[in-house]
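> Encoded as structure tokens, here's the structure I'll be asking about.
Values in this text are rule-based calculations from the coordinates and carry no lab data. These numbers were taken from a predicted model, which means no experiment stands behind them. Note that each Cβ is placed from the backbone with ideal geometry, even for glycine, and that neighbours are counted across all protein chains shown.
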Amino acid sequence: MVEPPGPYDAVDSLVGLAATLRSTGVQVSTDRVHAAVAALAQLDPLRRADVYWAGRLTLCGTPDDLARYDTAFAAYFGDRPGAVVRRQRLTTRQLQLVAEPGDPGSGSDGEGEAAPMVAAASTVEQLRHRDVTTMDAAEKEHLRRLLAALRLPGERRATRRLRPSLRGQVDGGRTLRAWLAAGGEPAQLRHRAPSTRPRRVVLLVDVSGSMEGYAEALLRFAHAASRRGGAHAAPSRGAADPTEVFALGTRLTRITREMALRDPDAAMAAVATALVDAGGGTRLGELLKQFLDAWGQRGTARGAVVVLLSDGWERGDATLLGEQVARLHRLAHRVVWSNPRKAAPGYAPLAAGMAAALPHVDDFVEGHSLAALEHLAAVVRGAAAGEGGATSRSTAGRSPAGRRGAPGVRGPAGPSGKEPARA
Amino acid sequence: MQDPAGLARSLTRAGYFADEGVATAAYLALALPRPLFLEGEAGVGKTALAHALATVVGADLLRLQCYEGIDASQALYDWDFPRQLLHLRAAESAGTATGAGDADRLEHEVYSRRFLLARPLLAALETSPAVLLVDEVDRADDEFEAFLLEVLSDYTVTVPELGTVRAEVPPIVVVTSNRTREVHDALKRRCLYHWVEHPRFDREVEIVRARVPEASAALAAQVAAAVGVLRAEDLLKPPGVAETIDWTLALVALGADRLDADTATATLGAVLKYREDQLHASRLDVQKMITTAVAGG
């Protein structure tokens, strides 16, 4: 059934297409290119549509890749392939990357360099290449040292996976082996019981203009928090789901992948590349809706501990924000809002967005300092409680005592080592 | 089935209306052969494609529904412990288990194929030809993905007590995901990746007419067009093809041969499953929606 590979120009074309695709930011591994060549050998290499599908089916891995593939295909072979283009607008970054292959916007880019492209794309959105690496050295050092000790595991929940235990249901396999070892003599019954693992944590980091002074620190916090999901994290009592991180700027950007880089500075540089829109105004409600539509409702937020790191300044409609936080509250196990402005003397949640969201927030905590972030980590772990969001708990029918390991510790607690131990 | 178009015709006879992308993906999955990884909104026909493929190639369909916490004993094989224990007791009371050699023999007996329960993955390797459908792999946790990868890479399963089971003919594998989380690259890399879209209007009419033959052509067109209008609205869950079919079935059950405002409102629960979405739809001008739908049809 397997035919020899197509003519040389077909192979060359696919390799060239793969290279173009790589320059748009899609990670195309060599075995994917092999697969593309094998696929095209089964089709007609002279038909444009066949080349398109052979490449698309093998070189792409996520829906995000598809738009980039279409761009790369058009750039490499000329015109757009007619009827098969997905109706999805390219982001400025993708266009820019196609325009400048080989230069994925290094962190030292001046803001002016990206300007012509960006200005053409939108005058409303303040799209800028943020250079997160320009934090002053002392602050960076301080944060790095202290954040290194930080972890952000979610509260533990029971799973359906069973582990050997002294109690629980009878474990047939272990019982049988024990009986066999005893020469068929009925021996003691062995048991197994559900294991537990930490809930998924979803971080939504506000990187809009009003968060200017905090965004970098919070992104570093998010990086420290998301490390434990990787292979290098100690798998203590059931590995955790990876922490999902999203940035809310003028648009929603998933930065989980960028956060997976182990080196904090490399991760920050990657995030700066991904975020072309930091520092603009935020329509929180709209972005939260985008998050829930594209990710949250499908499962990312279900049963998770969702942490919003934002000051609650809403440029758009505060009612929409209220509705969306309510929707998030119905999906998530717990919604934690960390507001860096909360610590300011005389703060009251008067910002329209914050006031609309608060009734649907389980824990409302500060987020301005490291101590506050450590407290936040304890809240996420279920070891401490924040200030509740008005009457939501009783209306949601959830008992706070039942969900928390320890009674409420109000305000930022000391170093995480001194938090009350979990039950 | 010389080319994707030929496979598309066979799929049509099996009741699945494939567009060019799906047909090419399925054709390559059969020709290369390589597992097919399908992603897309719920209800766009990912699972139905596996059923249709099984019909086309005349193979058994083995379905593995994934869920959180699924592990090898539910996906691959499990030992039938109660029967094994019974066998042990029976052998003991018959007095056949005495010497050391007998203990070995007894162990051999207890861990034999007849006490092994084949779950979908093992069954797919033992059946030929077979279509293996790994449904909603995104619901399983990531440990399970690594395990699935192992089975799919060389189509062998090793049962420590029994030996290695190898597939004579590798099954045709269809993996589906609703994208509730990102599936690991290592798994995707071994597969052909296809994002399944909602079908276009005329294709959806064909699907409805094939699935609900009792529905008139006019009703099918109206329902498909109305669903198209709903999909363009800003809904929490845009209706999929499955909902279009459900809606048509509901209308046929009510004896409707046309879609009008009253019947549409009464049966809206077949298409929209969120209260917010129903409220949203009730605010729409249903009559206008129907008019648009009819004009579109």
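> Hey, what's the Cα Rg ratio for the stretch A:283-342 versus the globular rule of thumb, 2.2 N^0.38 Å?
1.05
> Per residue of A:281-291, what is the mean number of Cβ atoms on other protein chains within 10 angstrom of that residue's Cβ?
Going residue by residue through A:281-291 and averaging, the value is 0.
> I need the fraction of alpha carbon pairs in the stretch B:201-296 separated by more than 24 Å, rounded to a whole percent.
9
> Moving to a separate point now. What ranking do B:17, B:37, B:201 get, fewest neighbouring Cβ atoms within 10 angstrom at the top?
Result, fewest neighbours first: B:201, B:17, B:37.
> Kirkwood Rh over alpha-carbon pairs of the stretch A:261-371, then Stokes-Einstein at 10 °C and 1.306 mPa s: what D in µm² s⁻¹, rounded to an integer?
For the chosen part, D equals 106 µm²/s.
> Moving to a separate point now. Provide a whole-number value for the mean count of partner chain Cβ atoms within 10 Å of the Cβ atoms in peptide B:61-68.
1
> Two decimals is fine: what's Rg over Rh for chain B, C-alpha atoms, Kirkwood radius as Rh?
That ratio is 1.11, to two decimals.
> Cross-link candidates for residue A:342: which aspartates and glutamates have Cα within less than 14 Å, leaving aside residues fewer than 8 places away along the same chain?
Cross-link targets: A:311, A:363, A:366, A:387.
> Taking 30 Å as R0, compute the FRET efficiency from the Cβ-Cβ separation of residue B:218 and residue B:57 and round it to 0.05.
After rounding to 0.05, the efficiency reads 0.25.
> Continuing with the same structure: Starting from the Cα coordinates of the stretch B:128-175, work out the convex hull volume and express it per residue in Å³.
Taking the convex hull of the Cα positions in the stretch B:128-175, it is 83 Å³ per residue.
> Okay, next question. Once fully extended, how much extra length lies between residue B:261 and residue B:109, figured as 0.36 nm per residue of separation less the alpha-carbon to alpha-carbon distance?
47.9 nm
> Something else: On average, how many beta carbons from a partner chain sit within 10 Å of the beta carbon of a residue in A:175-184?
Counting Cβ atoms of other protein chains within 10 Å of each residue's Cβ and averaging gives 6.
> Continuing with the same structure: Determine, for B:76, B:235, the number of other Cβ atoms within 10 Å of each Cβ, and report the residues in order from fewest to most.
Ordered by Cβ neighbours within 10 Å, fewest first: B:235, B:76.
> Please tell me the relative contact order of the stretch B:1-109 in percent, rounded to the nearest whole number, where contacts are Cα pairs under 8 Å and at least six residues apart.
Averaging sequence separation for qualifying contacts and normalising by length gives 16 percent for the stretch B:1-109.
> Report, in listed order, any pair from B:46/B:188; B:46/B:288; B:237/B:288 with a Cα-Cα distance greater than 27 Å.
Violating the 27 Å Cα-Cα cut-off are B:46/B:288.
> Also, quick follow-up: Using just the helices of chain B, give the 222 nm mean residue ellipticity in deg cm²/dmol: DSSP H runs with n ≥ 4 each add -39,500 (n - 2.57), and the total is spread over all residues, rounded to 500.
-15000 deg cm²/dmol
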